[in-house]
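Scroll down for the structure; my scribbles are underneath it.
Nothing in this text is a laboratory measurement; each read-out follows from the coordinates by a stated rule. The structure displayed is predicted, hence computed values, not measured ones. Because the Cβ atoms are built from the backbone with ideal geometry, glycine has one as well, and the counts that use them run over all protein chains shown.
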Amino acid sequence: MWDLVVKIIFRVVCRPTRRLDLERIGSRYGGWIVPTDFLHPKGICYSAGSGEDITFDLELARRFGCEVYAIDPTPRSQRYVGDVAAGVPGFHSVPMGLWSSTRRMRFYAPRDRHEVSHSIANLQRTMDFFEADCVTVADLMARNGHRELDLLKMDIEGAEYDVLRNIIATEVRVRILCVEFHRPGALQRTIRMARQLKQAGFELVSVDGFNFTFLY
């Protein structure tokens with residue numbers, strides 16, 4: 001019900017642009033709605049927040065021939081990615097986190113030990129954590145020799161606001177931007193960020209629950 005309310009609000013406030021090339025890529029849980037006309041062989045895709053579902057990443061690599069960089073420092077996720085994506089052409093695993101500066105950060109555990117996603121923002125207010133190196137999108141691009149991204153997906157457990165502000169400030173060139181805005185958090189904060197992205201040139205094209213897809 002809450003997801004439907006969010007979708008209605010954003011359709012009224014931000015008015016997503018209608019496109020005919022929108023398609024869900026990946027599973028129902030881990031998939032994203034993206035404009036497929038902009039995906040092409042050798043396209044550079046950064047996908048942050050692998051968890052234990054990389055169906056989106058794998059389809060980008062296998063179906064579209066993209067170069068996919070799966071970014072997640074969580075040890076359990078790293079083991080999963082290593083098993084599932086072994087030998088997939090164009091797939092690269094990056095055992096780091098995304099943040100608004102390049103530094104070492106704490107990633108706090110979820111309350112439910114069956115869940116895999118850890119959070120810099122400590123969304124669930126737990127005490128257990130691990131530490132990992134983090135990097136800005138711009139710095140990671142520089143390390144890889146990438147001047148622009150065809151796609152950037154972020155499911156990063158509350159760190160998205162800080163990373164997005166850094167992306168806007170450093171004028172990172174991204175064609176397709178996929179972001180999950182995490183709860184708890186004021187809806188008004190998400191609306192403000194969507195408007196900031198619009199002012200920076202990103203056009204909202206899809207709202208799927210709390211998954212937002214923008215096109216530059």
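Annotations for the structure displayed:
- Yes/no for ASP155 being closer than 29 Å to ARG111 by Cα and either surrounded by fewer than 20 Cβ atoms within 10 Å (Cβ to Cβ) or basic (Lys, Arg) (or both): no
- Looking at GLY201, GLY209, just one residue is more than 28 Å from GLY65 (Cβ to Cβ) and in contact (Cβ under 8 Å) with a residue 12 or more places away in the chain, and that residue is GLY209.
- The set of residues from the range 158-216 being under 13 Å from the mean Cα position of the chain (by Cα), under 22 Å from ILE44 (Cα atoms) and in a helix (DSSP H, G or I) comprises GLU160, VAL163, LEU164, ILE167.
- Test: SER93 is of a type outside the set (Val, Ile, Thr) and part of a loop (DSSP other than H, G, I, E, B): no
- Tally of residues being more than 15 Å from VAL174 (Cβ to Cβ) and not in a loop (DSSP other than H, G, I, E, B) across the range 109-149: 9
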